[in-house]
Amino acid sequence: MSAGAAVSGDRLWSDLMAMAEVGATPEGGSRRLALTDEDRAGRDLFAGWAREAGLELRADRAGNQFARRPGSDPSLPAVMSGSHLDTQPNGGRFDGVFGVLAALEAVRALNDAGVQTAAPIDVVNWTNEEGGRFPRFCTGSAVYAGAATLEDVRALQAFDGPLYGDELDRVGFAGDEEPGSLPASAYVELHIEQGPVLESEGVPLGVVRGIRGIRKFGIELTGREEHAGSPMAGRRDALRAAARVVEAAGELGEAAGGASVTVGRIDVEPNAPSVVPGAARLLVDVRGAALDPPDDLIARIREVVPAALTGTDVAVAVDEDVWEYGPVAFDPDLLDTLRAAADRSGARWLDMVSPAGHDAGYVARRVPTAMLFVPCRDGLSHHPAEWAEPEHLELASRVLADTLATLAGAS
Ligand code: HGY
Ligand code: MN
Ligand code: MN
C-alpha cells in the first residue's frame, strides 16, 4: 500500500473537529490567540497525538514546535510539513490547523503503510502565525528564517498588553534549539485557499507558486477631545477624520485591480461615549496583485490621506516605517514534485498565488518551499463559518503523503 492510500480522511476529520473544541466559540469557530492558555492547550493536544504516532517532540527558542518521524539516515536534512495552530480572535476550524494535522496524518499514513524513509520528517507548528494578538504575524517562522531576531519579537507588545517574551516564557513553548539550526531539505504547507478561486472553478487542489507582497503601517490622526455636547462647528473629531481616511484608502484598493487595502484595527482615544475622539491610530494592511510588490499603492495612499482630511483641522502622520513581507516565489522543482503527485492522484489542480500570508513565506528564505491549497466554502476565512469539505482535505493529505515519501527517499 502507498502512503497516500493509507491516509484516513476520517481520522484527520476527527482530529480537526477535536482541535476545534479547544477555544471553541459560540458561533462554531475557534479562538486560540497566540501564546494564550488556549494556544497551549491546542499544542498539548497535538503533542499527544504526535507521541501516539511515535514522533519525537522538540521546540526551538522561538517556540516553534517540531514532531519528528526518524529516517534510516539521521544525518540527512529533514523534510518538513506543517502550519500553525493559533487562530484569529474569531477564527475558523481549518486555517492553519489543517496544515498541521494533514502533515500528522501523512506521517501516520507512512507508518500504517510501513514506509521507511531515508530522511527524517518534521511535522511543524509555527508560533504566532496569525498576528491576531500581536502587531506582527508569522513571528515564529520569521525567527526560524532569520527574517527577525528573537529579541525584536520578544519585545513586541500584545494588543491586550503583555510583552511577547513574557507570554512566551509564561506558556513555556520555547525549547533549547537555535531557530533554523537544524537543516531541512524541503517544506510543504497545506492550507485552505482563503479565497474563492478553487470553489468557483470546481477544482479540488491549488498548487501555490507564491504569496502576494504584504505591507503594514500605521496612520496617526490627532484632533481634540471635547464634550460630546459641544457645538458641531469647530470640532476636531479624529474618528470622523479616520472614517475619511479608511474610505479613501479602500477606494484606492478597489481601483488597483487584484490588490487589497484593509484597515482592520483602529485604536481610539479616549474611546469614551461622551467624549469627541481626540486621537485615532489606524493599522493599514496593503497586499499587491499576484506577485507584484504593493509599494506604488502605498505611495498613492500617502498622497490621498492629506487630501481626504481637507477642512477637518485634524493632524495626520503616516508611519515612515513599513513592515514588509513578500512577494515570495516558491521553489520551481518542489512545485513540479507537488504537481506530479497531484497528477498521480488523478485530481484536477490549478496553479495559483496565495492571497494570504503564511509561514511558508518566511521558511522559503531558508528551505525550498511550496504550498498546496484546498477550496474553502465561499472563500471565507478568519470567520467562525470557515469550512472545507472532508473529501478535499483527504485528497490533499494523500498528495502530501505521496510527496513526503518522494522527498524523504522512501524505500
Ligand atoms: O494575514 C494573513 O495573511 C495571515 O492569515 N495571518
Ligand atoms: Mn493560516
Ligand atoms: Mn489566517
The chain: angle of helix 97-112 to the longest principal axis, Cα-based, in degrees nearest 10
0 degrees
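With a 1.4 Å probe and all protein chains left in place, how much accessible area per residue does the chain have, in Å²?
Numbers: 15920 Å² over 411 residues.
With the other protein chains kept in place, the chain gives 39 Å² per residue.
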Can you give the log10 of the normalised intensity I(q)/I(0) at q = 0.07, 0.08, 0.12 Å⁻¹, computed with Debye over equal Cα scatterers of the chain?
-0.34, -0.44, -0.93
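Kindly provide the helix-only [θ] at 222 nm of the chain, computed as the sum of -39,500 (n - 2.57) over DSSP H runs of four or more divided by all residues, to the nearest 500 deg cm²/dmol? Can you show the working numbers first?
Values: 13 runs with 141 residues, N = 411.
Dividing the helical sum by the residues of the chain leaves -10500 deg cm²/dmol.
What shape does region 344-392 have by the C-alpha gyration tensor, where a ≥ b ≥ c are the square roots of the eigenvalues, rounded means a/c under 1.5, and otherwise prolate means a/b greater than b/c and oblate the rest? Present the calculation step by step, with values, prior to reporting the outcome.
Details: a/c = 2.45, a/b = 1.25, b/c = 1.96.
In terms of gyration-tensor shape, oblate.
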Take the alpha carbon atoms of region 214-325, find their radius of gyration, then divide it by 2.2 N^0.38 Å using N residues; give the quotient.
1.12
Between region 241-283 and region 140-203, what's the alpha-carbon centroid distance in Å?
27 Å
Sort 105-115, 136-146 by packing, meaning the average of other beta carbons within 10 Å per residue, with the highest value first.
136-146, 105-115
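Give me the percent of DSSP beta bridges within the chain that run antiparallel, rounded to the nearest 5. Can you show the working numbers first?
On the way: 45 of 67 bridges.
The antiparallel proportion sits near 65 percent.
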Summed side-chain charge close to Ala186 - residues other than Ala186 whose Cβ falls under 13 Å, Lys, Arg +1, Asp, Glu -1:
-4
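If Lys and Arg each add +1 and Asp and Glu each add -1, what is the summed charge of the other residues whose beta carbon sits under 9 Å from the beta carbon of Gly146? Please list the in-between numbers first.
Values: positive: Arg365, Arg366; negative: none.
Once positives and negatives cancel, what remains is +2.
The values are calculated or read from the model by the stated rules, or taken from the named source; none is laboratory data. Owing to the predicted nature of the structure, the values given are computational and were not obtained by experimental measurement. In this analysis, Cβ positions are derived from the backbone assuming ideal geometry, glycine residues included, and neighbour counts consider all displayed protein chains. Protein only, heavy atoms only, side chains kept; ligands, DNA and RNA dropped before computing areas. Shrake-Rupley method; radii C 1.70, N 1.55, O 1.52, S 1.80 Å.
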